[in-house]
Amino acid sequence: MKNIWRLFGLIPTYKTRLLKVVLINSGFGLISLVVPIVYKYVLDSIVSSVNHGFTPEVGTGIAIALAILLGIYLTDTIFGYIGERLSDLLFIDVMWEIRRKMFQHLSRLSIDYYERNRSGEVLEKISNGTMSFARWVYMISDGTMGTFISIILILVFLWVKLPLIGLIMSIALPLSIYISIRKVLKTKPIRKEWVRRGEKAMGEMGETMAQVSTVRSFAQEQYKLEKYNTEVDDFRVFRIRQSRVEWSTNLLRGFLHNVTVILSIGIVAWGALRGHYTAGDIVLVSLYFQQLRGNIGPISRAIAETGDIETAAERMVDILDIQPTVVDSPDAQTLTELKSIEFKNVSFHYPGKETKVLNNISFSFSSGQTLALVGPSGVGKTTITKLLLRFYAPTSGKIVINGEPIENFTQDSIRNLIGTVMQDVALFNETIEENLRFAKPEASDEEIRAAAQTAHADIFIDKLPENYKTLVGERGIKLSGGEKQRVAIARAILRDPQLIILDEATSSLDSRSEQFVQDGLHKLMSNKTAVIIAHRLSTVTHADKIIVLEKGKVLEQGNHEQLIKKKGLYAKLFSIQSPGSSHKTIDELLS
């Protein structure tokens, strides 16, 4: 239950509302306890009339009893409608409030969490957990708490009126609850396992759908299907194991209930024949047992479902317990201008790995300058930009902005001054207009179109059937590589950042697309600070400073002319990347 209570902490304002619904449903549910007493009175009155003759008083009493029954049933119907409506609305509001809180928490986690976990598994945890928790709240609000009170009152009444029956019921009902609790404890490890297998299956499905083009290009649909089927089969095995325990538990509980009711009615019937009880007492016991059985059913289900919900809640709490690895200090300032950036003896290795990606690197550049990062794959070029964006914190060393440690500034204020254009452009499954507006939500239509025009994106957008209202598909799958790059450049232009990061922005484009993109990049970088990652050295000869990286270390740094004069690795690679072989990357040249 501790994990369920943790989730309750996410919705403090709903506690009073839940209590109100519980009281309404429970209060009017208890009125039904009077029904067996009324039926007993009516039946005893009829039997008395048969034996001793009918009197007007008996008729009046029966009429009043029937009027009471009508009033109870009408009240139960009206307030049943009210209670159901309030419970349903509470269920809906709780579910979406929990999802909002979980989304808020996920949006604050550091980037390393998403690099370690598959989105499909995370979404399954949240979807299953929120639905289960909201269902539990609904179950509690819809009268489950009232059943406990009604059970106690029925048992007290039976102890006073029919002590032997009260004793039998007092033994049978706790035994039935014990059977349910024992089942929950026995199936807890099984539940955890089938929930985990279900999450893995959803993770496999989500990953396959996100990478469907790659899967099909390798003709590996069957391979991915077999992996998914393996997870589903494992899920099925553990789910059936739990169901077997539930089947045997339900069978045992049903046997207990049947024996209890037959024994109780038999005792009362025998007592009635001997004059100790009346025919109405048989009806009274029968109806009260039906109420007890009806109440014990929801309680047993509540106990069983609480086990499932606790497991789902535990998976959500696991996420809530994860804290960002990069956080703002309480006195962090808002960065409004990027004047200078310096890396001082920075080393870094990714969480969970011991190998350093960066090893004691140092360099600096100032506002208005272009910094180029070159070197083979895996030497830490992209990692440098991730540290600059504060996706990660250096393992050792310092990053200094405007002469102050980067930790002195809020993450959002740093990122608000930076625009990125990556090789693998990430577009949302929305319209082109919405993808552009993402950079500046308050942008006018004129600003959006001006940015697209500057990036030469308007050339293909105007040819689309719905122009700027065209949906681009998940990750922009409906657009070509060059079209996606131009949308990304337009988005960066609209953002108008002080620092531009270009990570292999043109490496995979054909010559015509590259011409458009290069011109858009030139306009984007005009009068701005820039960090360029490139494998083709011909694209960075204009840079104010070039950092040559090898094995996570700064091997050389300087401008193009200075590095050529040094006759080191850069000069060697540049000479090889002459016009005759200019389309070869550094990786290809070093292989």
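The values are calculated or read from the model by the stated rules, or taken from the named source; none is laboratory data. Remember, predicted model here, so these are calculated numbers, not experimental data. Heads up, the Cβs are rebuilt from the backbone with ideal geometry, glycines too, and the neighbour counts pull from every protein chain shown. Surface accessibility is based on the protein's heavy atoms, side chains included, excluding ligands, DNA and RNA. Shrake-Rupley method; radii C 1.70, N 1.55, O 1.52, S 1.80 Å.
What to note about this one:
- In the stretch 468-485, residue modelled with the lowest pLDDT [restricted to those that are assigned to a helix (DSSP H, G or I) and in contact with a helix residue (DSSP H, G or I) (Cβ under 6 Å, 6 or more places away or on another chain)]: Gly476
- For the stretch 395-405, the criterion of being assigned to a loop (DSSP other than H, G, I, E, B) and open to solvent by 60 Å² or more (accessible area, probe 1.4 Å) is met by at least one residue.
- Enumeration of residues in the stretch 230-273 that are open to solvent by less than 30 Å² (accessible area, probe 1.4 Å) and within 14 Å of Ile190 (Cβ to Cβ): Gln242, Ser243, Val245, Thr249
- Restricting the first member to the stretch 443-466 and to residues that are at positive phi, and the second to residues that are of a type outside the set (A, V, I, L, M, F, W, C) and modelled with pLDDT of 80 or more, the beta-carbon pairs closer than 7 Å and six or more apart or on different chains are His456/Arg486.
- Residues being at pLDDT below 85 and either among the aromatic types (Phe, Trp, Tyr) or at positive phi (or both) - total across the stretch 318-352: 2
- Unmet requirement for Leu471, which otherwise passes all of (1) closer than 18 Å to Gln498 by Cα; (2) surrounded by fewer than 20 Cβ atoms within 10 Å (Cβ to Cβ): (1)
- Entirely in the stretch 532-591, the helices (runs of 4 or more DSSP H) that have 1 or more residues that are under 15 Å from Pro376 (Cβ atoms) and at pLDDT 70 or above: 569-576
- None of Leu371, Leu335 is of a type in the set (A, V, I, L, M) and within 22 Å of His560 (Cβ to Cβ) except Leu371.
- The stretch 66-87, subset of a type in the set (Gly, Ala, Ser) and over 15 Å from Ser32 (Cβ atoms), residue most open to solvent (accessible area, probe 1.4 Å): Ala67
Yes/no matrix, rows are residues, columns are (1) assigned to a helix (DSSP H, G or I); (2) surrounded by 14 or more Cβ atoms within 10 Å (Cβ to Cβ); (3) modelled with pLDDT under 70:
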{"position": "Leu10", "(1), (2), (3)": "no, yes, no"}
{"position": "Lys20", "(1), (2), (3)": "yes, no, no"}
{"position": "Asn25", "(1), (2), (3)": "yes, yes, yes"}
{"position": "Tyr39", "(1), (2), (3)": "yes, yes, no"}
{"position": "Asp44", "(1), (2), (3)": "yes, yes, no"}
{"position": "Ser48", "(1), (2), (3)": "yes, yes, no"}
{"position": "Asn51", "(1), (2), (3)": "yes, no, yes"}
{"position": "Gly59", "(1), (2), (3)": "yes, no, no"}
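- Taken as a whole, the condition of being touching a residue at least 12 places away in the same chain (Cβ under 8 Å) and over 30 Å from Met205 (Cα atoms) does not apply to Leu251.
- When Phe428 is tested against (1) open to solvent by 30 Å² or more (accessible area, probe 1.4 Å); (2) out of contact with any Phe, Trp or Tyr (no Cβ under 8 Å at 6 or more places or on another chain); (3) not polar (S, T, N, Q), exactly one condition is not met: (2).
- Which numbered condition Leu292 misses (of (1) under 37 Å from the mean Cα position of the chain (by Cα); (2) open to solvent by less than 50 Å² (accessible area, probe 1.4 Å); (3) modelled with pLDDT under 80): (1)
- For the stretch 352-377, a residue qualifies if it is outside any strand (DSSP E or B), within 17 Å of Leu549 (Cβ to Cβ), in contact (Cβ under 8 Å) with a residue 12 or more places away in the chain and open to solvent by 50 Å² or more (accessible area, probe 1.4 Å), and the qualifying residues are Lys356, Ser377.
- Of the candidates Ala490, Ala452, Ala443, the single residue that is open to solvent by less than 30 Å² (accessible area, probe 1.4 Å) and either in contact with a His (Cβ under 7 Å, 6 or more places away or on another chain) or assigned to a loop (DSSP other than H, G, I, E, B) (or both) is Ala443.
Here is a yes/no grid of residues against (1) closer than 30 Å to Arg135 by Cα; (2) touching a residue at least 60 places away in the same chain (Cβ under 8 Å); (3) open to solvent by 10 Å² or more (accessible area, probe 1.4 Å); (4) of a type in the set (Asp, Glu):
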residue	(1), (2), (3), (4)
Leu320	yes, yes, yes, no
Asp328	no, yes, yes, yes
Thr336	no, yes, yes, no
Phe343	no, no, no, no
